[in-house]
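For reference, the structure is listed below as C-alpha cells.
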Amino acid sequence: QTLQEFDKVFVELRSTAAAATLGDFTLDFTGTEFARLSRKLQGAKATADYSFGFSRGSATASAATTRGKFHTNQFQGLEGVQGPYRLTGRNNERQIIIIAGTERVYVNGELQTRGETNDYIIDYSNGELRFTTRRLITAASRITVDFEYTDRQFSRSLLAGQSASTFWDNRATFTFSFLREADDPDAPIEVSLTDSARAILQAAGDDRSKAVLSGVTAVDSNGFYVLDSTVIGTTTYRFYRYAPGPNARYVVTFSSVGFGQGDYVRTSAGVFEWRGPGQGDYLPIKFLPLPQLSQVMDFALDIKPADELRVSGEYASSIFDANRLSSFNDQDNRGHALRFEAAYAPREITIGKTNIGSLDVRIKERFVDHRFVPVDRTNDIEFNRKWGIQSLTPADEEIQEASVRYSPLRSLSIGGGYGKITRGYDLRSVRNDVSFVMKGDSLPTINYLLESVRSRETPSDNASSWLRQKGTAEYVAGMFVPSLYYEGENRKLRFLTKDSLKAGSFKFNVFAPGLELRNLWTMSFAVQLEWRTDDQFLNGSVVRESKSTTRSFGWKLPEWNALSSSLDVKFREKRFSPAFKALGNNDIQTVLVRNQTRYAPLNRGLETDLFYEVSTERASRLERVFVRVAVGSGNYKYLGDLNNNGVADENEFVPARFDGD
C-alpha cells in the first residue's frame, strides 16, 4: 500500500515560521474550485507563515520540473474481468509510463485504496490496472482514473504559488493562487525537431491533425508493405497492404486518430489493414508533439458574517496555448470562470421555547467560459452522469444549484435539491433529488436517495429522462445485523425530433439482502445475496438483456491463540436472454476467493503468513514480432508467404546463422 520510492531525495530546511524543500516533493493545492493541483515535482518549494496588523496567513511558492502530464481515463468494467485494464495517454498513446503514486482510482464514484490486500494494484511501467477480489468488477462498474504519465516529449516546468490570508477575527479568508505549467519548445527530450518539422508546427496552429509527418518510408526491397489500389464506385483508392518480402518497397508507421477518422485497423502487432475511408482508427502518419502552456490565476474570498451564515466567491482566469511554436489561433487562448456560494445552517431553530430542529440551506452559481482550461480536475468525478449528459461540445457553461436539509431530530434528516446546467443553446439539463437519512441508537440505519434528471442535447439529438434510486437499511439486534440494499435506474433516451427510443436507453434493478453475525466466539460471519436484472435497447424498445446473481460469503477471526484469519468468497453468474445471446453474448460465471491467515506463536518468535487468492482476469497474448535488419546481422530468415495468407506468420521464419535478415 505504501510505496517506498528510493528516488525521492530531498533536503528540507525548517525554522519557526518558514520551510524550504529542495529535490523531490509533492505539491497539493486545495480549498478552491478552479485552482486545484496535485503534482509530483522535482525542484524547490518554500512555505511561510506570516502575521501583520489585522491579518495572518500562510504562503507557498514552488518552481520545479514536472515528472509527467495529468490525464483522466473513464471506462466501463468488463463482466468477469478483474483486469488488467490498460490506461492510455491524452492522444490514446498506449506506450506510457505512469508516475508512481499519482493515480487516483474511482469505482462508481468511490475512491479506491491501492494494495494487494486492498482494492487494486497497478503496474506503472505498463500502465495496467488490476482489481483485487475485494472489489468485484462487472459490466456495470464505472471506472475513473486520474493519473500523471511521462511522454518524454518536452521538458516541462511548473511555477506555482498560493497565499491564504485570514482577517476580521478569522471570519474572512482571501486566497490567491497562480499556476503555470509549460513545455519548453527548445528542449525536446526524445523528439528530434528538424527545421522542416518546426515549420509544420508553426503552420499548424492549435490543430493537431495538421502537425503530422508522413509515416511512409520507401526502401529498395524487403520492406513490409506494398502500394495497392481498389475502386469503390467511381473512385480509385490507393492504400498500403501488408505483404513483407522482396517486393515490399515501404516501411509504414501508423498512428491512432480515433475510430471513424482513420482508414486502417490494427489486426496484430505491426500489422495494419485498410478498411476504407472512415472505417478505421489508424492513418499512415506520425504526429508531431505540440508544446503547450497552461496558466491559471485564481482569486477566492470566503466570508462568515454570522455563525450560521457563510458566503464565498471565486474568480479564475486561464491562458491555454495548445502550440507554443505557432501564433495562429492565439486569439482564443484566454478564458475565465466564476463561482458564488452561500450556506445558511442554523443548528437550533426555536419557536417560543420549543426546539424544532436544525436546517441547512445552500445555493450555488457557477459560470465557466468555453475557453477556460484548468490545470487539474475541477468537476465532480462523475460529472456527466450527475447531469445525464453525453455531449462534449465546448460552450459557455452555467450551473445553478440549491439544496435544503431539515433535521427535526438528531437521528432524522430529510433533504431535497434542485440543479440546472446549460451550455449555450445546445445543452440543458435539470436535476431534482430527495433524500432521507435515519441513524441513531436502538434505531435502524436507513439511507435513501431519489434523483430525476432531464436533459436535452442538440448536437447528439438526445432528449433524456433518467430516474435513479438507491437505498440501504441496517438494524443491529444483538449479534445479528440484517441489512438490505436496493438500487434501480430507468433511462429513456429519445430523439429530439421524434418520440421514439434510441440506443442508450436502459433499465436495471438490484436487490441485495444480507445478514451479519458479530462476536460469535470472537468470530464474525457475513452473507449477502444479490439479484440484478438488466434491460437494454434492442430493435426500437428496451427489453430484458440479462439476469445476474451474486452470492458473497465472509468469515473473520480477528485473534485467537496467536491465530488470525479471514475468508471472502464471491460467486457471480450472469445469464443473457435469448435475444442477446443471438448477438454473440454468452453466460458468464465469476469466482473470487481470498484467504489471509497469520499464525504467530511463541510470543511472536515465529511468524507464518498464508495468502491465497482466486480471481478472473485477462491475460496478455504474447506474440513474436520480427524486425527486418541488414542481411547478415539478423538471427532469422524469412522464407516468404508460404501459405499465401498475406501475413508473415511465425512459422515462416527460420533461424539463420550467417545470412539472417
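The values are calculated or read from the model by the stated rules, or taken from the named source; none is laboratory data. Since this is a predicted model, take the numbers as computed values, not measurements. Cβ coordinates were reconstructed from backbone atoms using ideal geometry, including for glycine residues, and neighbour counts include every protein chain displayed. SASA here: full protein model, heavy atoms, side chains in, ligands and nucleic acids out. Shrake-Rupley method; radii C 1.70, N 1.55, O 1.52, S 1.80 Å.
Here are some notes:
- If you plug the beta carbon distance of ASP649 and ARG94 into 1/(1 + (r/R0)^6) with R0 = 35 Å, you get a FRET efficiency near 0.90.
- The string of couplings for region 653-661 from the Karplus curve (6.51, -1.76, 1.60, θ = phi - 60°) is 10, 10, x, 10, 8, 10, 10, x, 10 Hz, one whole number per residue in order, with x for Gly and Pro.
- Where only C-alpha atoms are counted, convex hull volume of region 429-481 per residue in Å³: 71 Å³
- Residue-averaged [θ]222 nm for the chain, counting only DSSP H segments that reach four residues, each worth -39500 (n - 2.57): -1000 deg cm²/dmol
- With both labels modelled 7 Å from their Cα along Cα-to-Cβ, the THR472 to THR458 distance reads 4.3 nm.
- Here the Karplus relation 6.51 cos²θ - 1.76 cosθ + 1.60, evaluated at θ = phi - 60°, turns the backbone of region 98-107 into coupling constants of 6, 5, 4, x, 8, 7, 10, 9, 10, 10 Hz, with x for every Gly and Pro.
- For region 502-661, a/c is not less than 1.5, where a ≥ b ≥ c are the root eigenvalues of the C-alpha gyration tensor, and a/b does not top b/c. That puts it in the oblate class.
- Label of the coordinate-derived value, mean projected area of the Cα convex hull in nm², listed as (i) 28.5; (ii) 35.1; (iii) 41.7: (iii)
- Rounded to the nearest 20, the Cβ-based charge dipole of region 130-277 about its Cα centre (Lys and Arg +1, Asp and Glu -1) stands at 660 debye.
- Between the beta carbons of THR26 and ASP184, assuming R0 = 25 Å, the FRET efficiency works out to 0.65 to the nearest 0.05.
- In terms of overall dimensions, region 184-299 has a Cα radius of gyration and Dmax of 17.5, 66 angstrom.
- 10 Å beta-carbon shell around ALA345, net charge (K/R +1, D/E -1): +1
- Here r is the Cβ-Cβ distance between SER500 and ALA61 and R0 is 60 Å; the resulting FRET efficiency, rounded to 0.05, is 0.55.
- Close amide H contacts of THR102 (hydrogens built in the peptide plane, cut-off under 5 Å, sequence separation of 5 or more or a different chain): GLU148.
- Dipole magnitude of the chain about its Cα centre (Cβ charges: Lys, Arg +1; Asp, Glu -1), debye to nearest 20: 1340 debye
- Residues with amide H under 5 Å from that of GLY357, placed H, sequence gap 5 or more: ILE349
- Distance violations [Cα-Cα > 18 Å] among LYS507/LYS547; LYS40/LYS286; LYS507/LYS574: LYS40/LYS286
- Contact order relative to length of the chain, as percent, for alpha carbon pairs under 8 angstrom and 6 or more apart: 8 percent
- Here each label is just a point 7 Å from Cα along the line to Cβ, and for ILE446 and SER317 those points are 5.4 nm apart.
- Signed unit charges on C-beta, dipole axis of the chain, positive-most listed residue LEU538, SER455, ALA562: LEU538
- Orientation-averaged projected area, Cα convex hull of region 217-362 (nm²): 18.5 nm²
- Classification of region 108-197 by its C-alpha gyration tensor yields an oblate form. The axis ratio a/c (a ≥ b ≥ c) is 1.5 or more, and b/c is at least a/b.
- Taking all protein chains into account, the per residue accessible area for the chain stands at 55 Å² (1.4 Å probe).
- Local charge for GLY83 was computed over the other residues whose Cβ lies under 10 Å away, with Lys and Arg +1 and Asp and Glu -1, and equals 0.
- Low-density loop positions, GluC sites (Glu not before Pro), region 614-661 - DSSP coil, at most 15 other Cβ in 10 Å: GLU617, GLU623
- Value of relative contact order over region 219-293, rounded to a whole percent, pairs C-alpha under 8 Å and six or more apart: 27 percent
- Between helix 195-204 and the chain: long-axis angle, C-alpha atoms, 0 to 90°, nearest 10: 50 degrees
- Within-13-Å neighbourhood charge of LEU359 [Cβ basis; K, R +1; D, E -1]: 0
- Positive end of the dipole of the chain (Cβ unit charges, origin at the Cα centre): among PHE52, GLY632, ASN170, the Cα lying farthest that way belongs to ASN170.
- Charge dipole of the chain about the Cα centre (unit charges at C-beta), most positive-ward option of GLY419, THR32, ASN644: GLY419
- Measuring nothing but how far apart in sequence close Cα pairs (under 8 Å, 6+ apart) lie, relative to its length, region 184-335 scores a relative contact order of 23 percent.
- Per-atom-type breakdown for the chain gives carbon and sulfur 53% of the accessible area (1.4 Å probe, protein chains only).
- Extension gain for ASN539-ILE303 works out to 79.4 nm (0.36 nm per residue, less the C-alpha to C-alpha distance).
- For region 118-130, backbone phi angles converted through the Karplus equation (6.51, -1.76, 1.60; θ = phi - 60°) give residue-by-residue couplings of 10, 9, 7, 10, 9, 9, 5, 6, 9, x, 10, 10, 10 Hz, Gly and Pro being listed as x.
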